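Enquirer: Here it is, the structure in full.
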Amino acid sequence: MRYLTGTNIRWYRSLLIILLVIVTGVGFFMESHRALTNQYRGKTINAIIGNQSYVAQYGHQPGPEISEIKRIRTHLTYVRNLLANKDISNLSENQKERRNRNLRRLTAYISEESFPVNEGYPNQRRPNFIDSEGRVCAVGYLIAQSQGLEAAKRIKKKYQYAYVRDMQSAFLAEWADRNGFTIRELAMIQPAYDWEDPHQNDKINRSAEVLWLGANVGLSGLNTIQGFRNSSSLVPAIGGIASGVAQFTLGTSEFANYSTTDKMVGGVTLLAGSWGIYKLLNPVEKSKDSRLSVSMVPNNKYKKNIGLYVNVDF
């Protein structure tokens, strides 16, 4: 029991508070994430293969925290690779050439990330052949590149929100055969889009990320300075811990598609906040006079000279 006195008790109390804040923050985040994931069940990005693309790439089902741009890009890249590696020995040389050309077009389309928005069906995923901003879906893009935009618009006029597998279009069937595709393959390419505008969300998420990074850098600096000055405050210290844990967790779990920088800044903010809590509960009293002392002393090396002795207490 002789160890549980004075500084040790304050140290254990500091550690307990830090752990409670961390556990509370992580628990709140995980519970919120689980609730959102449950609401998102059944919403797959493709009518034929569902979320197979995302599972193949990341090993788990996508949750609502994954950006729409990322989901569409992952799906189209996955299907493009599947089709590129498929045995097409049954096709004619012309069909093979057109198919490969269209797969290269699909690669270019993916890199542009100009995907349409589901404007007509709130709270569900649905295709949109061409949206009101003129953004064309992947299948529509291939048709527009090979037959012209007007050809894609004719399909859009009758089948704007339809799935490829449900389109009763002789033109589409003929185009698919001439270019070495089956209707099922085109249906595999076609994504179903969420209701929210992925382009706007991406801008908002990026702005929020930058603001959060700036706030955490500020909290880290404040807590570090106050810790060294033995003048820590409870609000910035706890705020730094909670915000640091949240940002580190989001970066680790791919929430909002944040970067490695978020994990690093979040970790530093957590440590600085913990340091602030510790110094708050374990103050070290120092008199102002003891921090700096200056005195004149004889200098034995040079005759008739006087030396200056300076002592700084950090």
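Enquirer: So for region 77-140, taking the charge dipole from beta-carbon charges (+1 Lys/Arg, -1 Asp/Glu), which of L83, G120, Y109 sits furthest toward the positive end?
Expert: L83
Enquirer: So what are the ³J(HN,Hα) numbers for region 144-150, from phi and the Karplus equation (6.51, -1.76, 1.60; θ = phi - 60°), rounded to whole Hz, Gly and Pro as x?
Expert: Calculated HN-Hα couplings, in order: 5, 6, 9, 10, x, 5, 4 Hz.
Enquirer: Another one. Considering the options V136, L172, S53, tell which one lies farthest towards the positive end of the dipole of region 52-189, charges being +1 on Lys and Arg and -1 on Asp and Glu at the Cβ, about the Cα centre.
Expert: L172
Enquirer: Moving on to the next point. Starting at the first residue of region 53-65, write each ³J(HN,Hα) from the Karplus equation 6.51 cos²θ - 1.76 cosθ + 1.60 with θ = phi - 60°, in whole Hz, x for Gly and Pro.
Expert: Karplus values, whole Hz, x for Gly and Pro: 4, 5, 5, 5, 7, 10, x, 7, 5, x, x, x, 6.
Enquirer: Related question: Out of residues 5 or more away from Y193 or on other chains, whose amide H comes under 5 Å of its own, with H placed 1.01 Å from N in the peptide plane?
Expert: Amide H to amide H, under 5 Å and 5 or more residues apart or across chains, Y193 pairs with R126, N128.
Enquirer: State, as an integer percentage, the relative contact order of region 52-189 based on alpha-carbon contacts under 8 Å between residues 6 or more apart.
Expert: Reported relative contact order: 23 percent.
Enquirer: About its Cα centre, what dipole magnitude does region 52-189 give when the only charges are +1 on Lys and Arg Cβ and -1 on Asp and Glu Cβ, stated in debye to the nearest 20?
Expert: Details: 22 positive and 15 negative charges, 35 e Å.
About 160 debye.
Enquirer: Note the full-extension length gain between W195 and V235 as 0.36 nm times their separation in residues minus their Cα-Cα distance, in nm to one decimal. If you can, show how the numbers build up before the last one.
Expert: Numbers: separation 40, 0.36 × 40 = 14.40 nm, distance 3.87 nm.
Additional length available on full extension: 10.5 nm.
Enquirer: Based on the mean of other beta carbon atoms within 10 Å per residue, what is the order of 72-84, 143-155, most packed first?
Expert: Peptide ranking by packing, descending: 72-84, 143-155.
FYI, it's all coordinate maths here, none of it is from the lab. All of these numbers come straight from a predicted model, not from anything done at the bench. All Cβ positions, glycine included, derive from the backbone under ideal geometry; neighbour counts span all protein chains shown.
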